[in-house]
Amino acid sequence: MRIIPEKLYDFCVEMISRADGAPFLLNFDERSMAGMVGQGQKGGISDLINETNVHDYAPVGCLENTMVGNDRSGTVDNNLNLLKAVELVLTRGKDLNPYVDPMTGKSEKIRQDGPCTGDPNTFDTFENFLDAFKEQTAFIVKKCAALYELSESLRNSYFATPYLSCLVKGCLEKGRDVTQGGAEISFTTLEAVTYATTVDSLLAIQYLVFDEKACSLAELTRALKDNWEGHEILRAKAKNRAPKYGRDDDPADSLARQVMTIFCDETWKHKTISTLRQFRPGMLSWNYWAADGHVMAASADGRQRGQFLSNAICPSNGADIKGPTANSNSVGKVLGGKTKETTGDFKEFINDLPNGASHTITFNPSILKDPTHKDKFKSFLKGYKENGGTALQINMLDPSVLVDAQKNPGDHRHLLVRITGYNAYFTSIGKELQDEVIKRISHGNF
Amino acid sequence: MMTPGTDRPGTDPKGTDRPGTDRRGIILEIQRMSTEDGPGLRTTVFLKGCPLNCRWCHNPESISPKPQLVWNGVGCIGCGICVDTCSQGALTATPEGIVIDRGRCKGCGECARECPTLSIVLLGEKWRASDLVNELAKDQAYFLQSKGGVTLSGGEATLQPRFTHGVLTGLKARGIHTALDTCGMCSFDCLETLLPVTDLLLFDIKEIDARRHEKFTGVSNERILDNLKQLPGLLGAFKTDLWIRTPIIPGATDREETIRAIGEFIVNNLEGRVSRWELCAFNNLGKEKYTRLGEQWAYGATLLVERKKMEALYLEAVKTGVGEGIVFWSGSVRPDQGTL
């Protein structure tokens, strides 16, 4: 990325400005390569992925980084909702709400699923809570790995793909199919879903219960069980006053980094039993962040059941009130930030998610209104490669989002109006002028 | 992190008035990834307090140097905590929302610290210059890639000269490009102090006629124009770039003779020094801000400028001899006419 020709940058920016398909930008090579080399080290295969050959990596699927010719690592094999671990701490290892079968309408009895990590009301400090969260995360990661083993062992026994296996280095040499872990490089991936909602929930618990003492953990759990209904003031504090990930706020991002480390460390502890494939971490939520929002109970960040969860490595919807650069800086920080090296290459970067992390930012189309602004946008991409993640999708603000912001201003606090020397958020300018701004954007006039 | 609420005003430890100390200043907002306040990608800091009182000001909350309480009803859940919190009895819950008795409000911000929805906000937050520099440096990677940097805007930064000097000096020490957006209503000494640490001066010329200037802004422009006349020497010495900005306000500055007079002033006094002269179209989005401050805006019902008017004034500006590549116009025009 550092040596991408200007012409290619220009082409990308033109493509984005025409909005014919939102291109996924994947060429943040340095951060990606740092992740791949780290994966080689952690997976004990530095002979296969190292600084002499890592430039040969390529994305498969959507954005999942992989070596070429000898790599049959799985991606999106497992999709784990990290938020469950927060819930299990509050409930001592049980579902907060009983599971209701959507076909029969019958509700299941609540069981002791996870470990009992103690009565949360006896936690004196937030560190106690975080320790319990770590234990519950270890449990859900282990459970997810065990569940995956069922399908992995079936494929291992009954699902040989000889043609594919002929094309992937390692299978012939070992006499094992790709489905038997025959490829030279053969990881399987645990994708974390709902990262930001998990982090924001922990931040809210820290803020409301331990810092501000606005409520006890029991009261908070009650509010979540009630889906926040009847707890409007507490919910408003959770949504508005508690810190959030995605604002380049160092204390908040530092907790986010701890959550990242806990998830990654637990993931690296597992291998498939039947095929001995090492688990590696990634963050690619597909559409689970939308669907799971109906399954997961209300969360401590102020989200009600049924509302969307956060997507992949993105901040929670509307939480990035400090704009795209702050949002990107937070993403880069939680991936590990940078090293002290000044080699000018990937050694300056840390990336704990070798499989990649999906990141989407929505821009106001005025950012591309003329050549000067296109240049500024291009510079943003160049800054992103230094401070951001591995994969960036640019969305252009749809006027319908602004219409929704008129109705639900609390969910869209981040929308900024950009005019010379002027300073205001969209939700604060009044209905009449909001209508005017919507009209302008709808007609491509900014 | 910019936490909601604010420090109490007037709690500056003694001695911070001395130059060279880490002075505190009052700011309204830090806006990151600004694309309209100078070259490249910038972080714009809006300082609070302005010596002018322009009738058309779109940031009225930036005029008073004191913290000001506002209630923004869109997120309010009517919990009444603010009313109960206020020790001065300055807040009343009415069917139309929270009403602030500005005679009673002491600006302590206690209600803002308690409001669960951030609907009550005390505008104006005290920052130490060194803390602000650390916060602003967070986007250095984007500044470097875009040849951008930091713009101090307002309000009026020269009204807090030592704080401003501290921030600009701190930024320069880190190699960050600095821009100072000023109305020019300050002593020449102040400019002499700030220019060595300013890479770009964004200087407003709103009107040449002194009486009209006073009518529109509350002050005569004598000192502003004097400062401008003395500028060329300083600009050369410190290699500071100069941009002139002129707001195009319906019924006030949107006249060809105004633009002609400003153009002639530039040609006669700042020949070769101005690298950009920007005509900024009137922005009508300040209306709610006035309502929240309990004020009426003279321009509340004023329509945006027409596109053909902006184009005509642009041509007039070019004709004065300032130069085609130097004059630009920006901002929103009437909805069906788009912008440049």
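Among residues of region A:43-56 that are of a type in the set (D, E, K, R), those with a Cβ under 8 angstrom from a residue that is surrounded by fewer than 13 Cβ atoms within 10 Å (Cβ to Cβ), sequence gap 6+ or separate chain, pair up as A:Asp56/A:Val68. Is it the case, given these coordinates, that A:Arg277 is over 19 Å from A:Ile350 (Cα atoms) and within 12 Å of chain B (Cβ to nearest Cβ)? Here the answer is no, as A:Arg277 does not meet what is asked.
Just to be sure before I move on: is A:Lys244 under 28 Å from A:Arg72 (Cβ atoms) and of a type in the set (D, E, K, R) in the structure I sent? When the stated conditions are applied, A:Lys244 does not pass them.
For region B:151-196, residues that are outside any helix (DSSP H, G or I), within 14 Å of chain A (Cβ to nearest Cβ) and in contact (Cβ under 8 Å) with a residue 60 or more places away in the chain total 10. Counting only helices (runs of 4 or more DSSP H) that fall entirely inside region A:1-119 and contain at least 1 residues that are on the phi < 0 side of the Ramachandran plot and surrounded by fewer than 19 Cβ atoms within 10 Å (Cβ to Cβ), the qualifying elements are A:6-18, A:29-42.
Do you know which of the residues in region B:285-301 that are within 12 Å of chain A (Cβ to nearest Cβ) and either among the acidic types (Asp, Glu) or in contact (Cβ under 8 Å) with a residue 40 or more places away in the chain (or both) is surrounded by the most Cβ atoms within 10 Å (Cβ to Cβ)? First the steps, then the outcome.
At the first step, the residues of region B:285-301 found to be within 12 Å of chain A (Cβ to nearest Cβ) are B:285-292, B:297, B:300-301.
Now drop any that are not either among the acidic types (Asp, Glu) or in contact (Cβ under 8 Å) with a residue 40 or more places away in the chain (or both), which leaves B:285-286, B:288-290, B:292, B:297.
Numbers: B:Leu285: 21, B:Gly286: 23, B:Glu288: 22, B:Lys289: 25, B:Tyr290: 18, B:Arg292: 21, B:Trp297: 20.
Among those residues, the one meeting the criterion is B:Lys289.
Can you list the strands (runs of 3 or more DSSP E) lying wholly within region B:75-150 that have 1 or more residues being more than 16 Å from B:Ile30 (Cβ to Cβ) and within 27 Å of the chain's Cα centre (by Cα)? I'd like the intermediate steps shown before the answer.
On the way: elements: B:91-94, B:97-100, B:120-123, B:125-128.
The strands (runs of 3 or more DSSP E) meeting that bar are B:97-100, B:120-123.
Between B:Ile266, B:Ile259, which is away from chain A (no Cβ under 13 Å), in a helix (DSSP H, G or I), at pLDDT 95 or above and within 18 Å of B:Cys54 (Cβ to Cβ)? Let's see the steps before the verdict.
Working: B:Ile266 fails: within 18 Å of B:Cys54 (Cβ to Cβ).
Step by step, each of B:Ile266, B:Ile259 is checked, and only B:Ile259 is away from chain A (no Cβ under 13 Å), in a helix (DSSP H, G or I), at pLDDT 95 or above and within 18 Å of B:Cys54 (Cβ to Cβ).
For region B:158-200, the tally of residues that are under 19 Å from B:Ser220 (Cα atoms) and among the aliphatic types (A, V, I, L, M) stands at 3.
Scanning region B:289-315 for residues that are part of a helix (DSSP H, G or I), closer than 26 Å to B:Gly38 by Cα and of a type outside the set (Lys, Arg) returns B:Met310, B:Glu311, B:Ala312, B:Leu313, B:Tyr314, B:Leu315. Residue check: B:Ile77 meets all listed conditions (1) surrounded by fewer than 18 Cβ atoms within 10 Å (Cβ to Cβ); (2) away from chain A (no Cβ under 14 Å) but one, namely (2). Among residues of region A:227-255 that are facing chain B (nearest Cβ under 7 Å) and under 20 Å from B:Gly78 (Cβ atoms), those with a Cβ under 8 angstrom from a residue that is of a type in the set (Val, Ile, Thr) and surrounded by 21 or more Cβ atoms within 10 Å (Cβ to Cβ), sequence gap 6+ or separate chain, pair up as A:Ala236/B:Thr117; A:Asn240/B:Thr117. If you go through region B:70-93 and keep only what is farther than 15 Å from B:Arg104 by Cβ and touching a residue at least 40 places away in the same chain (Cβ under 8 Å), you end up with B:Val70, B:Asn72, B:Gly73, B:Val74, B:Gly75, B:Cys76, B:Ile77.
No other residue among A:Lys369, A:Lys333, A:Lys385 is surrounded by fewer than 24 Cβ atoms within 10 Å (Cβ to Cβ), within 14 Å of chain B (Cβ to nearest Cβ) and under 19 Å from B:Ser146 (Cβ atoms) apart from A:Lys369.
When A:Arg440, A:Arg413 are screened for being among the charged types (D, E, K, R) and either farther than 27 Å from A:Asn311 by Cα or more than 10 Å from every other protein chain (Cβ to nearest Cβ) (or both), only A:Arg440 passes.
Considering only region A:223-236, how many residues are over 24 Å from the mean Cα position of the chain (by Cα), part of a helix (DSSP H, G or I) and charged (D, E, K, R)? Adding up the residues that qualify gives 2.
Among the residues of region B:225-249, the ones that are charged (D, E, K, R) and in a strand (DSSP E or B) come to 2 in all.
The values are calculated or read from the model by the stated rules, or taken from the named source; none is laboratory data. The structure presented is a predicted model; accordingly, all values stated were derived computationally and were not measured. Cβ atoms come from the backbone with ideal geometry, glycine included; neighbour counts cover every protein chain shown.
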